[in-house]
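S.K.: Have a look at this one before I ask anything.
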Amino acid sequence: MMQDEQNKRTDNRYRPIGELVRGLFFILFGLFAIFARQLGLGEFRLSPQWMTILGVVLCIYGLFRVINGARKLF
């Protein structure tokens, strides 16, 4: 019983940090999707408008994850 309680506390402590890290990755992927063509980092099959839309959606979702993780952490 005591071991289960300790595992839950440890799991709950690291989960928000994971949310922060995942959120940062989504933001970075979103920025890559937005600026890759301008920086000459890649040529994609999607039109630039769709890449911009995808990048904005990824950034918004990443920002949501970061805010959610920070809210649970602090």
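The values are calculated or read from the model by the stated rules, or taken from the named source; none is laboratory data. Given the structure is predicted, the values throughout are model-derived calculations rather than measurements. Cβ: placed from backbone, ideal geometry, glycine included. Neighbour counts: every protein chain shown.
Each row is one residue, and each column tells you yes or no for (1) aliphatic (A, V, I, L, M); (2) modelled with pLDDT under 90.
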residue: 23; (1), (2): no, no
residue: 26; (1), (2): no, no
residue: 33; (1), (2): yes, no
residue: 37; (1), (2): no, yes
residue: 40; (1), (2): no, yes
residue: 45; (1), (2): no, yes
residue: 55; (1), (2): no, no
residue: 63; (1), (2): yes, no
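S.K.: So, in region 42-59, exactly how many residues are surrounded by fewer than 16 Cβ atoms within 10 Å (Cβ to Cβ) and in contact (Cβ under 8 Å) with a residue 24 or more places away in the chain?
M.R.: So the answer is 2.
S.K.: Could you give me the residue pairs with C-beta distances under 6 Å whose first residue belongs to region 18-41 and is surrounded by 13 or more Cβ atoms within 10 Å (Cβ to Cβ), whose second residue is hydroxyl-bearing (Ser, Thr, Tyr) wherever it lies, and which are 6+ apart or on separate chains?
M.R.: Close Cβ pairs satisfying both conditions: 26/61; 34/52.
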